[in-house]
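Enquirer: First, the structure itself, so that you have it in front of you.
The values are calculated or read from the model by the stated rules, or taken from the named source; none is laboratory data. Nothing here was measured: the structure is a model prediction, and the numbers come from that model. Reconstructed Cβ throughout: ideal geometry from the backbone, glycine too, with neighbour counts over all protein chains shown. For the accessible areas, the whole protein counts, side chains as well, though only heavy atoms, and no ligand, DNA or RNA atoms are used. Shrake-Rupley method; radii C 1.70, N 1.55, O 1.52, S 1.80 Å.
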Amino acid sequence: MSVERLAVGVLASGRGSNLQALLDACAAPDFPARIAVVISDRERAAALDRARSARVEAVWLDPKDFADRESFDRGLVRELEKRQVGLVCQAGYMRILSAAYIRAFFGRALNIHPSLLPAFPGLHAQRQALEHGAKVTGATVHFADEGVDTGPIVLQAAVPVEPNDTEETLSARILVEEHRLYPAAVRLFAEGRLEIVGRRVIIKEPR
Ligand code: GRF
């Protein structure tokens, strides 16, 4: 008997390597989720090509077609709801998401960030870690809320900062962990094992 897999929407603005990690994970027959749609605010995002190559629907929403951020996000929510997604993964999505989106998807939207939050939120997290002189940084998957990189934390992995690191070498080391963490978090969500209690995410034992 085949069990219905969780439909996931992915939001991505750029390269899409995290999207690729999710697509690869979903290719395994026993993975409990599938990517139903990839949506980008950038027409030429490589993420859209990755989606098409994997025969996943790729949608470009042009911000110029919307009056403001709220109306863009209402459009985004409509597209996601049309595909009945049970989870949204923000994967290098470069727009700040408004309350309209968070109201619709709180507890069902994940984000990935290249630092050990709450350290170094926002843009250029790897550069921030280097400039601060941190010896350890990492990657975080968290539920999205109305702040920038502030929502309840699901999974984290630590990554050492090496003395000769550049932004590029550090980013590459972190990315290896991102590509491991994101599919792991999606699996936990799809298996119904994540429970948000205040700021904490409880990871329940498998049933
Ligand atoms: C990743 O470092 C992710 O953590 C951050 O943006 C980057 C996106 O990379 N939010 P990619 O588009 O998934 O390759």
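Enquirer: Based only on the alpha carbon positions, what is the Kirkwood hydrodynamic radius of the range 78-123, in angstrom?
Expert: Details: mean 1/r = 0.0835 Å⁻¹.
With all distinct Cα pairs of the range 78-123 included, I get 12.0 Å.
Enquirer: Another question, if that's okay. Counting only C-alpha contacts under 8 Å and six or more residues apart, can you give the relative contact order of the chain as a whole percent? Write out the running numbers ahead of the final one.
Expert: Values: 398 pairs, mean separation 38.3, N = 207.
Over the chain, the number comes to 19 percent.
Enquirer: Need one number: % antiparallel among DSSP beta bridges in the chain, to the nearest 5. Mind showing how you got there, number by number?
Expert: Working: 15 of 32 bridges.
Expressed as a percentage, antiparallel bridges in the chain total about 45.
Enquirer: Another question about this same structure. Calculate I(q)/I(0) for the range 1-105 by the Debye formula, one identical point scatterer on each C-alpha and no solvent, and give its log10 at q = 0.16 Å⁻¹ to two decimals.
Expert: At q = 0.16 Å⁻¹ the computed log10 ratios are -0.65.
Enquirer: At a 1.4 Å probe, what is the % contribution of carbon and sulfur to the accessible area of the range 1-105? Please list the in-between numbers first.
Expert: Details: 2500 of 5290 Å².
Whole-percent figure for carbon plus sulfur exposure: 47.
Enquirer: Which aspartates and glutamates, if any, have their Cα less than 16 Å from the Cα of Lys64, not counting same-chain residues under 8 positions apart?
Expert: Cross-link targets: Asp41, Glu43, Asp73.
Enquirer: Placing +1 at every Lys and Arg Cβ and -1 at every Asp and Glu Cβ, with all other atoms neutral, what dipole size does the range 1-105 have around its Cα centre, in debye to the nearest 20?
Expert: Values: 16 positive and 14 negative charges, 17 e Å.
About 80 debye.
Enquirer: What's the extension gain from Arg55 to Glu191 if we count 0.36 nm per residue and subtract their Cα-Cα distance? Let's see the in-between values first.
Expert: Values: separation 136, 0.36 × 136 = 48.96 nm, distance 2.44 nm.
Stretched fully, the Arg55-Glu191 segment lengthens by 46.5 nm.
Enquirer: How high is the relative contact order of the range 1-105, in percent, with contacts defined as C-alpha pairs under 8 Å that are six or more residues apart?
Expert: Details: 180 pairs, mean separation 37.2, N = 105.
Reported as a whole number, the value is 35 percent.
Enquirer: At a 10 angstrom cut-off on C-beta neighbours, averaged per residue, how do the peptides 185-198, 143-156 rank from highest to lowest? Provide the component values of the computation, followed by the final result.
Expert: Working: 185-198: 16.4, 143-156: 18.5.
Going by the mean number of other Cβ atoms within 10 Å, highest first, we get 143-156, 185-198.
Enquirer: Treating the beta-carbon of each Lys and Arg as +1 and of each Asp and Glu as -1, no other charges, what is the dipole magnitude of the chain about its Cα centre, to the nearest 20 debye? Spell out each step's value before the answer.
Expert: Values: 27 positive and 27 negative charges, 97 e Å.
Computed charge dipole of the chain: roughly 460 debye.
Enquirer: What is the pair-distance distribution P(r) of the range 71-207, computed from all Cα-Cα distances in 10 Å bins starting at 0, with each bin given as a whole percent?
Expert: Result, from short to long distances: 12, 40, 32, 14, 2 percent.
Enquirer: Right, next: So with the 1.4 Å probe, I'd like the accessible area per residue for the chain, rounded to whole Å². Each step should come with its number before you reach the end.
Expert: Numbers: 10570 Å² over 207 residues.
Accessible area per residue, the chain: 51 Å².
Enquirer: Just grab the label-to-label distance for Arg108 and Arg44, each label 7 Å out from Cα along the Cβ direction, in nm (one decimal).
Expert: It is 3.5 nm.
Enquirer: Could you work out [θ]222 nm for the chain from helices alone, using -39500 (n - 2.57) per DSSP H run of at least four and dividing by all its residues? Round to the nearest 500 deg cm²/dmol. Mind showing how you got there, number by number?
Expert: Numbers: 6 runs with 71 residues, N = 207.
Taken over the chain, the calculation gives -10500 deg cm²/dmol.
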